[in-house]
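The values are calculated or read from the model by the stated rules, or taken from the named source; none is laboratory data. Everything numeric in this text was worked out from a predicted model, so none of it was measured. Because the Cβ atoms are built from the backbone with ideal geometry, glycine has one as well, and the counts that use them run over all protein chains shown. Areas reflect the complete protein model, heavy atoms only, side chains present, ligands, DNA and RNA absent. Shrake-Rupley method; radii C 1.70, N 1.55, O 1.52, S 1.80 Å.
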Amino acid sequence: LLEKWPHGFFTRQFSPRMPVELTDVLLASGQDIAPPSPQVYRVKQFHGDNILTTGEAKPLPNLGEDTQEEGGLPEADGLLTKAAAEAVWVASADCAPVLIASNVTGKVAAVHSGWRGTALGIVPKAIARFQQLFPETSLDSMSIAIGPGIAGEVYQVSTEVAAKVCATIAPKSISGDNSILEWALSLPEPPVLPDSEPERLRLDVRRTIAMQLFHMGIEPEQVEIAPYCTYQTPDHFFSYRREHLKQIQWSGIISQ
C-alpha cells in the first residue's frame, strides 16, 4: 500500500539506531526514490491523541546526533508532514505504529496508538487532520499500514479498558460497558476475545483501529495489518508486556 514512499517498521536488530540514521537506511533500501536529504522529525510520546504537523515541531539535527533524550521535543503521539522530503517517526514496543499516506498530496503521517490512543481515536483524528490541512484529500485516497504490535490473542486487559476501546466502534444505540462488550464479542471478527480470568478480556488493538477506519468510510482494501506480534516474536521485537523493560523499535515514512 505504501510502495510509493520509503518507509519501514524496524525490528529490534536496528536498536539502538535512531530516526536520523534510520532515515538513511530507508533511502538506501531500494524503495522508490525520495527527495534528497529529508528533514527528520520525532516527538515525545505520552499515550494521548495529540497530532502535530512538522510545522509545529523542529527537525532533528542531520548529523547523527539524535539520542534517546527527549528534552525539548514536543509532546504528541502523531506527526503529519506539510511538505515533501520530511521523515516522520514513532516509537513502539507493544502499541501499534501506524503509517498513513495520501495518494493525492504525497503527504504522510506516523502515529503511535496503544489502547489509550485507540480509545481516544487518534488514528481517525490523524485522517481528519489530513483533510483539514489538505481539503483535496479524499478518504478513498488514503492508504494505512498498521505495524507490528501485541496480538489480541495474548493481550489481556480489564473489561473496563476493553469497553473504553470498543465504545469507539459500537453503534450509538448501544450503551453501558456490558452491552458494548456483548456486542463486540458477537462480531464475526471481534476486537475482543474471551479470557479465562474474571473481569478480563483479550483486546485486539490493531483490529479496533482498522474498524474505526472502516466506520469513518475507509475501505478494507486501503488498510493493511502487519502479521507480526511483538509479544510472541522475541527474536525480532521488543515487548514491554513480555520483558517489562523500556525498549523500543522505530517506524517511519518519508513524504513525497
Taking only segment 120-142 into account, find how many residues are of a type in the set (Gly, Ala, Ser) and over 13 Å from the mean Cα position of the chain (by Cα).
3
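Among the listed residues Thr233, Thr168, Thr208, which satisfies the condition of being of a type in the set (Val, Ile, Thr) and more than 17 Å from the chain's Cα centre (by Cα)? Give the derivation first.
Values: Thr168 fails: more than 17 Å from the chain's Cα centre (by Cα); Thr208 fails: more than 17 Å from the chain's Cα centre (by Cα).
It is Thr233.
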Given (1) at pLDDT 95 or above; (2) open to solvent by less than 20 Å² (accessible area, probe 1.4 Å); (3) in a loop (DSSP other than H, G, I, E, B), index of the condition Ala34 fails:
(1)
Pull out all pairs, ordered by first then second residue, where Cβ-Cβ is under 8 Å, the residues are six or more apart or on different chains, the first lies in segment 158-186 and is under 21 Å from Leu213 (Cβ atoms), and the second is exposed (fewer than 14 other Cβ atoms within 10 Å of the Cβ) and modelled with pLDDT under 95.
none
